[in-house]
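The values are calculated or read from the model by the stated rules, or taken from the named source; none is laboratory data. Please read these numbers as outputs of a predicted model, since none were measured by experiment. All Cβ positions, glycine included, derive from the backbone under ideal geometry; neighbour counts span all protein chains shown. We work out accessible area using only protein heavy atoms, side chains counted, and drop any ligands, DNA or RNA first. Shrake-Rupley method; radii C 1.70, N 1.55, O 1.52, S 1.80 Å.
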Amino acid sequence: FAIAGNWQYSDAVMNGYSIATDEGEAAVNVPGIRNLYAVGVDASDRVWAGTYYSRRLEGTEGLPDLERYPDLWYEVTEMDTGTGTYLDTTEIWNKPIFIWDPADGSIDTVRFLAYPGGDQDTIETHRGFGRSYDGNMLGALNNDVYKINYQTYEVMAHWAAPDGFAMQSMQADDNGFVYVCDLWGGTVYVLDPDDLSEYTTVTDAAGSTRGSSVNGDGTEYY
C-alpha cells in the first residue's frame, strides 16, 4: 500500500504505431510490431519481448520492404500456375526476440536461436520469458524451452517438448527449476535449472491451462 500510489505511466518502450502514444511517430521504434505475447527482464535490466504475429508489412513493388524490416527474410520463387509464372513469397522467419536497453533506448534483434557450435533454430512462436537463478534468460519459444545466455544470446540448454504437447506457460522458482505446462493440462514438466533435463513430472494437473506461477522454493505451483 505504501507504494501503490507511486506507479505512473512512463512511456512505450516498444511501439510499432504512431497512434499508440502521445508522442506519435517520434515514439515508434519497432515499426509494425504488434500483438506482443511474451516479455521478461534480464540481469542487466533489459526487456526481452516477442510477438504472437509477425510485423505488419509494407509492400515495395509487391514484396516486403526488407530495409524497413531487416529482421524479415523471404525466399522468392517462381511458380507455374498453368497460365504462366508468378512470384510467390515464402516466409522463412519473422518473429525475432526484441531486446530493449533502458540505458540508451537501443533495441537488439535476435533472429535465430544460435548454438555455440554454429547450429541454429528458427523462432516461430513466443510463449513466455523468464530469468534463471544465474541471471540468464529462459524462453518458451516454438514448442520448446531454451536457456539463453543474456550477454551473447547463445543457447546454453534446450528442452524439446514431447509430441502432442502444446506449450502454454513457463515459470522458474528461485533455484532455477523450470515448470512448463500444456494448454490442455494433464502434465507439468519440471526441468533442471542448468541443462533443462526433465527433473520430474506432475501428471494429474488440471485439464486446461492459460497461465501458471510457482512460489520461491518450488513447493507450491499454481
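What to note about this one:
- Residues of segment 14-44 classified as more than 30 Å from K147 (Cβ to Cβ) and surrounded by 14 or more Cβ atoms within 10 Å (Cβ to Cβ), total: 6
- Scan of segment 45-63 for residues that are open to solvent by less than 50 Å² (accessible area, probe 1.4 Å), at pLDDT below 85 and either aliphatic (A, V, I, L, M) or touching a Pro at 6+ places or on another chain (Cβ under 9 Å) (or both), ordered by number: R55
- Any chance T109 is closer than 30 Å to V28 by Cα and surrounded by fewer than 16 Cβ atoms within 10 Å (Cβ to Cβ): yes
- Residue list for segment 145-202, restricted to those being at pLDDT 90 or above and aromatic (F, W, Y): Y146, Y150, Y153, W159, F177, Y179, Y189, Y199
- Residue within segment 115-123 that is assigned to a strand (DSSP E or B), open to solvent by 30 Å² or more (accessible area, probe 1.4 Å) and of a type in the set (S, T, N, Q) present: yes
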